[in-house]
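Q: Shown below is the structure under consideration.
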Amino acid sequence: MYRYGYGYGRGYAFDATYILVLIGALLCIIASAMVKSTYKKYAKVRSMSGMTGAQVATEILRRNGINDVSVVHVPGELSDHYDPRHHSVNLSDSTFNSSSVAAVAVAAHECGHVMQHYKGYIPIKIRSALVPAANIGSKIGLPIVILGIIIGMTPLAKIGIIVFSLAVAFQLVTLPVEFDASHRALVMLGDYGFLADDEVNQSRKVLNAAALTYVAAAASSILQLLRLLMIVNNGDRNRR
Ligand SMILES: [Zn+2]
C-alpha cells in the first residue's frame, strides 16, 4: 500500500517493514474472532437471577444514586457503549432484552464507564481529552509521513510520525479505562447479587475477551508506528 517507503526508491520490490502491519492486522482478526466466539458461548447461558441487561444496568445506576443517565436500546450487535454526552447507556439488541451471562456482563461493563465518569477516574478524563487529537492523528498522520517521504523532506515525515503517535497514545490510554470498567462491573455484579460466583467468572471471560480487542488494536498501532520510524530513519540514513 505505502509503496513510497522503499528507502527512497532503492528499488526494493518488497518493503519488509510491511510485515509489522500484517502482524498487527492478524492480531486484530484473532482478537475479534475470540470475542465473538466467547460472547456467543455465554450468550446461551442464562443467568440465574433472570435479569436482563437493561434491568441490570438500570439497577446498578439506581443503587449508585445516578438518576440522570438513561438506559437506551440501540440496534446492532456488540454496539453497546456509554454515551457521556447524552448521558445514556446504549445497549444493543443482544444485550438489552437478554438475561444471558454475556448480556449482563456487557451491560454492567458499560455502567462501569458511567461510574468512571462519576467518580472522576483520571484515565477516562485523559482519554476524553485526547479524542480530537487522536482523530486528527489517525486521519492525517500517515498522509503527512508519506508526503514527507515522497518529497524527500524527512523533518515533515517526522512531524507526521508525531501526529500519528497521538492516535497511538489514545489507544494506549484506552487500555486502563477498559480494564477498569470491567473490574468495576464484575465487583458490582457479585456484590449486588445479580450473578452467582460461577457466573461472575463466566462474565470475566466475556469481558477479558472483549478487552483483548483493545489490546490487539493498541499493539497493531504501535507496530505501525514502529514501521514508520524504521522507514523514516532508514531513508534519513540513506540520504546522509
Ligand atoms: Zn468499554
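Q: So, I222, is that one surrounded by fewer than 17 Cβ atoms within 10 Å (Cβ to Cβ), away from the ligand (no atom under 16 Å from the Cβ), more than 19 Å from H81 (Cα to Cα) and modelled with pLDDT of 95 or more or not?
A: Numbers: surrounded by fewer than 17 Cβ atoms within 10 Å (Cβ to Cβ): yes; away from the ligand (no atom under 16 Å from the Cβ): yes; more than 19 Å from H81 (Cα to Cα): yes; modelled with pLDDT of 95 or more: yes.
The answer is yes for I222.
Q: Okay, moving on. Just the residues that are of a type in the set (G, A, S) and over 22 Å from the mean Cα position of the chain (by Cα), please, taken from region 171-197. Working first, answer last.
A: So in region 171-197, the residues of a type in the set (G, A, S) come out as 181-182, 185, 190, 193, 196.
G190, G193, A196, listed by residue number.
Q: For V232, are the conditions met, namely being of a type outside the set (F, W, Y) and at pLDDT 95 or above? So that I can check it myself, show each step before the final result.
A: Numbers: of a type outside the set (F, W, Y): yes; at pLDDT 95 or above: no.
No.
Q: What number of residues within region 149-163 are open to solvent by 20 Å² or more (accessible area, probe 1.4 Å) and part of a helix (DSSP H, G or I)?
A: Residues that pass the stated criteria total 7.
Q: Restricting attention to region 64-90, which residues are under 17 Å from R184 (Cβ atoms), within 16 Å of the ligand (Cβ to nearest atom) and either open to solvent by 50 Å² or more (accessible area, probe 1.4 Å) or under 21 Å from the mean Cα position of the chain (by Cα) (or both)? Outline the logic, then answer.
A: Of the residues in region 64-90, the ones under 17 Å from R184 (Cβ atoms) are 64-66, 69, 71, 80-82, 84, 89.
Retained after the next criterion (residues that are within 16 Å of the ligand (Cβ to nearest atom)): 69, 71, 80-82, 84, 89.
Listed by number, the residues that qualify are D80, H81, Y82, P84, V89.
Q: More than 17 Å from F179 (Cα to Cα) and within 16 Å of the ligand (Cβ to nearest atom), is that true of D93?
A: Answer is no for this residue.
Q: Give me the pairs, please: first residue somewhere in region 162-181 and within 8 Å of A134 (Cα to Cα), second residue anywhere and within 13 Å of the ligand (Cβ to nearest atom), beta-carbon distance under 9 Å, and either six or more positions apart or on two chains.
A: F170/R127
Q: Filter region 91-114 for residues that are over 15 Å from M51 (Cβ atoms), out of contact with any Leu (no Cβ under 9 Å at 6 or more places or on another chain) and surrounded by fewer than 21 Cβ atoms within 10 Å (Cβ to Cβ) and give the result.
A: Within region 91-114, D93 is the sole residue that qualifies.
Q: Which count do you get for residues in region 121-134 that are in contact (Cβ under 8 Å) with a residue 12 or more places away in the chain and either assigned to a helix (DSSP H, G or I) or within 15 Å of R85 (Cβ to Cβ) (or both)?
A: To start, the set of residues in region 121-134 that are in contact (Cβ under 8 Å) with a residue 12 or more places away in the chain comprises 121, 123-124, 126-128, 130-131, 133-134.
Checking which are either assigned to a helix (DSSP H, G or I) or within 15 Å of R85 (Cβ to Cβ) (or both) leaves us with 123-124, 126-128, 130-131, 133-134.
So the answer is 9.
Q: Could you tell me whether region 91-98 includes any residue that is under 20 Å from the mean Cα position of the chain (by Cα), hydrophobic (A, V, I, L, M, F, W, C), farther than 21 Å from Y192 by Cβ and not in a helix (DSSP H, G or I)? Show your work before the answer.
A: So the first thing to find is which residues in region 91-98 are under 20 Å from the mean Cα position of the chain (by Cα), and the list is 91-92, 94-95.
Still in the list and also hydrophobic (A, V, I, L, M, F, W, C): 91.
Those left that are additionally farther than 21 Å from Y192 by Cβ: none.
Among the residues of region 91-98, not one is under 20 Å from the mean Cα position of the chain (by Cα), hydrophobic (A, V, I, L, M, F, W, C), farther than 21 Å from Y192 by Cβ and not in a helix (DSSP H, G or I), which makes the answer no.
Q: Moving to a separate point now. Quick check on S32: is it assigned to a helix (DSSP H, G or I) and within 24 Å of V131 (Cα to Cα)? So that I can check it myself, show each step before the final result.
A: Values: assigned to a helix (DSSP H, G or I): yes; within 24 Å of V131 (Cα to Cα): yes.
Answer is yes for this residue.
Q: Give region 174-211 a look and list any residue that's open to solvent by 60 Å² or more (accessible area, probe 1.4 Å), within 12 Å of the ligand (Cβ to nearest atom) and out of contact with any Gly (no Cβ under 8 Å at 6 or more places or on another chain), or say none.
A: Passing the criteria: only F179.
Q: Checking the conditions here, which among I146, I122 is away from the ligand (no atom under 13 Å from the Cβ), modelled with pLDDT of 95 or more and open to solvent by 10 Å² or more (accessible area, probe 1.4 Å)?
A: Values: I146 fails: modelled with pLDDT of 95 or more.
Exactly one of I146, I122 is away from the ligand (no atom under 13 Å from the Cβ), modelled with pLDDT of 95 or more and open to solvent by 10 Å² or more (accessible area, probe 1.4 Å), namely I122.
The values are calculated or read from the model by the stated rules, or taken from the named source; none is laboratory data. These numbers were taken from a predicted model, which means no experiment stands behind them. Virtual Cβ from ideal backbone geometry, glycine too; neighbours counted across all protein chains shown. Each accessible area value is taken on the protein alone, full model and side chains, heavy atoms only, with ligands, DNA and RNA left out. Shrake-Rupley method; radii C 1.70, N 1.55, O 1.52, S 1.80 Å.
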